[in-house]
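What follows is a single structure, and I will ask about it in a moment.
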Amino acid sequence: MYDLIVFLTLIALGYGFGQHAERKHFRSILEREKELKTLLCFSERRIPEQEVPVQGQLVSGSVVISIDYFKQFVAGLRNLFGGRVTAYESLLERARREAILRMKEQARDLGADSVWNVRLETAAISQGAQRQQVGSMEVMAYGTALIRKT
Amino acid sequence: MNGYENPDIPEGINVTQEHPLKEFGQLVIGVTALIIILALAFSELGAYAARHLTLEQEVALAHRMLPAMWTETAAEPAEQAERKHLQELADRLARHMAIPAAMPVTVHYSAEPVVNAMATLGGHIVVYQGLLDATKDSETALAMVMAHELAHIKLRHPATAMGRGFAVALLLSTFAGLGDNVMQGWANSVGTLTALRYSREQEAAADSLALETVYREYGTVKGAEIFFEHASAEDNGLTPPAILSTHPSHEERIRKIQNFAAKESGAE
């Protein structure tokens with residue numbers, strides 16, 4: 001009986017805080033993406049010839065994001081039936097976009113116009129740790145920023 | 001740089017717009033229904049298997065599983081006297097129930113202040129001092145509880161409950177590889193809830209048989225409700241809802257006794 005109350009409280013807390021954080025994060029992502037739209041970003045490995053002298057520099061942005069109790073529970077149930085794990089999809093989408101944004105912010109601070117050869121790396125952080133632990137994951141974005149020589 | 005641009009990527013490709021609670025609801029209902037159906041099926045299977053357990057096998061099983069029941073011969077003389085008194089009461093009541101000779105009823109006494117008594121495998125009943133204190137004003141009240149435990153033995157509830165319990169535990173342990181801890185916790189809670197349903201059914205059946213037995217022995221069931229009144233006063237109003245309980249509510253059990261009493265007095 002008390003286990004059930006604790007469980008439902010955790011679910012409600014996870015849902016309340018998780019959803020609030022997610023909405024707030026998406027708002028911030030959309031806003032900052034608009035702000036950094038003029039800084040272009042490509043996955044292309046070969047940088048096309050430039051008309052002005054430039055120098056390249058490694059830029060990176062990384063984000064660690066944690067799953068809430070609610071998402072963990074829904075994803076656990078999803079494991080039984082299969083299908084889209086939508087609870088994780090939105091989490092990963094946030095992490096990817098945030099990592100790219102942080103990379104772009106670094107590039108902007110260096111005075112770059114564009115970032116090339118952008119790559120994304122993902123790592124699960126608490127995998128292999130205690131099973132009770134809530135999982136969190138890292139997404140890292142890196143690339144070569146092109147900065148005009150002055 | 002000409003020819004390179006970053007077009008706007010439309011939203012909602014990687015993220016569904018569906019409300020998360022909708023998926024949550026669908027999954028919880030689906031999993032819960034699945035577990036309930038499987039738990040009920042396994043429970044029936046366990047009860048079916050338990051019915052094939054002979055009385056001799058049950059007594060032998062109890063001997064192996066509950067060795068503590070045989071170590072109390074060294075108890076104090078006062079406790080021995082109490083035990084003898086309770087055994088006599090049980091034997092008197094058992095006469096009205098036709099309990100088979102292959103399963104002799106053995107009453108044990110415990111000095112613990114727990115206001116309860118219990119019946120277990122192999123015809124063993126444990127009566128606690130707390131119960132004797134609570135029913136010291138009325139023999140009928142003590143007889144009602146004793147008859148209730150005897151009814152469990154007569155109806156072979158301990159064996160059935162064990163069969164159901166093992167079968168459901170087996171089922172739930174197969175869920176151990178699926179999902180994460182949270183899901184297993186949920187599966188265990190739901191699985192246990194189905195066991196409670198059978199537990200309440202058994203208690204109600206034992207109550208009915210006990211009432212009849214007490215009536216046959218004493219010609220009245222007056223005072224039989226004292227134990228439940230005592231128990232319900234102890235609860236301080238903090239009782240979980242019926243679906244989460246192993247026993248029917250005290251109010252319900254008192255009402256049943258009163259109905260029985262009213263019916264009997266009307267018939268005379």
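The values are calculated or read from the model by the stated rules, or taken from the named source; none is laboratory data. Everything numeric here is computed off the predicted structure, so don't read it as measured data. Reconstructed Cβ throughout: ideal geometry from the backbone, glycine too, with neighbour counts over all protein chains shown. Ligands, DNA and RNA are stripped out before the accessible areas are found, and what is left, the full protein with its side chains, is counted by its heavy atoms. Shrake-Rupley method; radii C 1.70, N 1.55, O 1.52, S 1.80 Å.
Which of the residues that make up the range B:97-116 are aliphatic (A, V, I, L, M) and closer than 24 Å to B:ALA60 by Cβ? Break it down stepwise before answering.
Initially, the range B:97-116 is screened for residues aliphatic (A, V, I, L, M), giving B:97-99, B:101-103, B:105, B:107, B:111, B:114-115.
Once the filter is applied, which keeps residues that are aliphatic (A, V, I, L, M) and closer than 24 Å to B:ALA60 by Cβ, the range B:97-116 yields B:MET97, B:ALA98, B:ILE99, B:ALA101, B:ALA102, B:MET103, B:VAL105, B:VAL107.
Give the residues of the range A:7-42 that are within 17 Å of the chain's Cα centre (by Cα) and among the polar types (S, T, N, Q), sorted by residue number.
The answer is A:GLN19, A:SER28.
Kindly indicate the residue of the range A:40-70 that is within 23 Å of A:THR9 (Cα to Cα) and open to solvent by 30 Å² or more (accessible area, probe 1.4 Å) and also nearest to the other protein chains (Cβ to nearest Cβ) among those meeting that condition.
Within the range A:40-70, the subset within 23 Å of A:THR9 (Cα to Cα) is A:65-70.
Now restrict to residues that are open to solvent by 30 Å² or more (accessible area, probe 1.4 Å): A:66, A:69.
On the way: A:SER66: 15, A:TYR69: 7 Å.
Applying the filter and picking the extreme gives A:TYR69.
Given the criteria of a type outside the set (S, T, N, Q) and outside any helix (DSSP H, G or I), does A:ARG94 qualify? Lay out the reasoning, then the answer.
Details: of a type outside the set (S, T, N, Q): yes; outside any helix (DSSP H, G or I): no.
Here the answer is no, as A:ARG94 does not meet what is asked.
Name the residues in the range B:209-268 that are of a type in the set (A, V, I, L, M, F, W, C), in contact with a helix residue (DSSP H, G or I) (Cβ under 6 Å, 6 or more places away or on another chain) and at pLDDT 80 or above, would you?
Pass one, the range B:209-268, residues of a type in the set (A, V, I, L, M, F, W, C): B:209-211, B:214, B:221, B:224, B:226-228, B:231, B:233, B:238, B:242-244, B:254, B:257, B:260-262, B:267.
Checking the rest, the ones that are also in contact with a helix residue (DSSP H, G or I) (Cβ under 6 Å, 6 or more places away or on another chain) come to B:209-211, B:214, B:221, B:224, B:226-228, B:231, B:254, B:260.
Across the range B:209-268, the qualifying residues are B:LEU209, B:ALA210, B:LEU211, B:VAL214, B:ILE254, B:PHE260.
How many residues are of a type outside the set (Asp, Glu), within 8 Å of another protein chain (Cβ to nearest Cβ) and open to solvent by 20 Å² or more (accessible area, probe 1.4 Å) when one looks only at the range A:71-108?
So the count comes out to 8.
A follow-up question, please. Mind checking whether some residue in the range A:109-124 is within 8 Å of another protein chain (Cβ to nearest Cβ), open to solvent by 20 Å² or more (accessible area, probe 1.4 Å), assigned to a helix (DSSP H, G or I) and among the charged types (D, E, K, R)?
Looking for residues that are within 8 Å of another protein chain (Cβ to nearest Cβ), open to solvent by 20 Å² or more (accessible area, probe 1.4 Å), assigned to a helix (DSSP H, G or I) and among the charged types (D, E, K, R), one finds none in the range A:109-124, hence no.
Looking at the range B:125-144 only, could you name the residues that are within 18 Å of B:GLY219 (Cα to Cα), open to solvent by 10 Å² or more (accessible area, probe 1.4 Å) and among the aliphatic types (A, V, I, L, M)?
B:LEU142
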